[in-house]
Each structure stands twice: as structure tokens, then as C-alpha cells.
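Structure first, then comments.
What follows draws every value from the coordinates through simple rules; no lab data is involved. In this text, all values refer to a predicted model and were calculated from it rather than measured experimentally. Neighbour counts run over all protein chains shown; Cβ positions are idealised from the backbone, glycine included.
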Amino acid sequence: MINIAPSMLAADPLNIGRDIQKIVSAGADVLHIDIMDAHLVPNLSYGPAMVKAIRKGFPSCILDVHLMMDNPANYVKAFITSGADELTIHAEINENIPRIIGEIHSLGAKAGISIKPKTKVSEIEKYINDVELILIMSVEPGFGGQKMMPDCLLKLRQLRDMGYTGTLSVDGGINAENAKMAVQHGANRLVMGTALFNSQDPAKIIADIRAL
Ligand code: DX5
Ligand code: ZN
């Protein structure tokens, strides 16, 4: 089944609980929470307190936490104890990635690795047997509402051809029109911010994608 993972960045910050409820009622099963540190990406968002609040409000949703941070190692424990089910770190950081993946697992969460549009799949080939999730960025991370870069979708197919069978997620500019192309390339999770939160009928978008 295709997971639909709404990105909280596109929710109204003043009414985030209300907006999440709307999108969960529309059928979303995974909540994608973008953590930005203003170093790895040129923006700031929120920290473990937001994850904790969402965990409390939505106990049965899977919390997919995307750590766009240069030094995620210092925060792994805080995010997992706050309720993250899955923690994804970036391949572009200068840290000991296998050690962080090991720590995520030892704390009982699933581990993911993500690459920005300019990073090649070959950079993460060595991790494909160690992670439960790979997140392909299809925009330069930092902001919602950008246009999907179609070339990035080729990386999904490359990973499937390498034998990766885990969750393969694509993040950035995914909408009702290009979702099918992403799935055909091998994605089984679609992160969608603007396209879902700005829609009058998110339930239809989700149902149509599930029917692909
Ligand atoms: C970008 C984030 C994405 C983004 C998705 O830095 O990682 O999750 O907010 O939002 P849309 O779907 O609006 O591109
Ligand atoms: Zn994201």
C-alpha cells in the first residue's frame, strides 16, 4: 500500500492540531514532521516539543521525523523519547552515520537516510541494508511549496534496481498530478505538504493515489 505522509510544514502553525485532524480524517496514515536547523538547510522549523505534542494528540499515527540537521546525533534520543517512530537523517552531514543509525535502532525507532537533489544514490548504497526508510528529496530542502524536480525520480528506480525493498519515500512538490509518476518509479510513500493542506478535498487526493 502507498503511504501518504502529509508534511506538517504546510499546516497553519496557529491551528496545527485542527489541520492535522482534518488530514488524518481524510485518510493519511503517516505524519511527516520536518525539523530544520538553519545550517543543513536555510530555514528553521520546530523541535522535539512539537513531536511530543503531535504524539499526544494523534497516538495512532506513525510519526516520520525528517531531521534536516547538521548534527542530528545530539537530538536522536530527544526525538525518539518525544514519540518519533522513524528518524531520517541526511547523507550530506559530516557525522558518523552508521553510529547514528545504530543509536536510532537501539532506542527502538526505524532509521532512514535522505539525499538532497544534488547527491547521488551511490552515496547511500552502502546503507541500503541498514535502514528501513530512504527519503529522496525532489526539491532543495528548506521550504514547502516548490516544484518537483523530475530527474530526482530516477533515483527511486535506481534504488529499487539495487534491490532496496524498504520504504521508499519522495519529498518535495508531490501532488495529485505527479504522484503516479513517483509510484511508477518505485516510491511507496509520498510526502505531500502544499498539495494536501491547500486542497478542498484531501480525501479524494488520498483515495485516488491509493487506487493507483
Ligand atoms: C522540504 C521538506 C518537505 C516539504 C514538502 O524541505 O522536507 O517535507 O515541506 O512540502 P511540499 O509538498 O509543499 O513540497
Ligand atoms: Zn521532509
One quarter of the C-alpha convex hull surface, i.e. the mean projected area of region 12-105 in nm², amounts to 6.2 nm²
Once phi is turned into ³J(HN,Hα) by the Karplus curve 6.51 cos²θ - 1.76 cosθ + 1.60 with θ = phi - 60°, what whole-Hz value does each residue of region 88-95 show in order, with x for glycine and proline? 10, 10, 9, 6, 7, 7, 9, 9
Per-peptide average of other Cβ atoms within 10 Å, ordering 83-90, 158-165, 39-46 highest first: 83-90, 39-46, 158-165
Hey, how many Å between the Cα centroid of region 88-105 and the Cα centroid of region 193-209? 32 Å
Can you say what percent of the DSSP beta bridges in the chain, counting only those with both residues inside, are antiparallel? Round to 5. 5 percent
Considering only 136, 33, 93, give the residue with the highest GNM mean-square fluctuation for the chain, with springs between Cα atoms whenever their separation is below 10 Å. 93
With springs connecting C-alpha atoms under 10 Å apart, model the chain as a Gaussian network and identify which of 70, 34, 12 has the largest mean-square fluctuation. 12
State the answer as a single residue: which of 198, 74, 45 lies farthest towards the positive end of the charge dipole of the chain, with beta carbon charges of +1 for Lys and Arg and -1 for Asp and Glu, about the Cα centre. 198
Calculate the tail of P(r) for region 36-190: the fraction of all Cα-Cα distances greater than 20 Å, expressed in %. 48 percent
Can you check what the net charge comes to around residue 196, using other residues whose Cβ is under 15 Å from the Cβ of residue 196 (Lys, Arg +1; Asp, Glu -1)? -4
Summing -39500 (n - 2.57) over every DSSP H run of at least 4 in the chain, dividing by its residue total and rounding to the nearest 500, the 222 nm mean residue ellipticity is -8000 deg cm²/dmol
Once amide H atoms are built 1.01 Å from N in the peptide plane, which residues 5 or more positions from residue 86, or in another chain, come under 5 Å H to H? 63, 65, 110
Alpha carbon Rg of region 88-172, scaled by the compact-globule rule 2.2 N^0.38 Å: 1.06
Would you mind classifying region 172-212 by shape? Square roots of the alpha carbon gyration tensor eigenvalues, ordered a ≥ b ≥ c; an a/c under 1.5 is rounded, otherwise it is prolate if a/b is larger than b/c and oblate if not. oblate
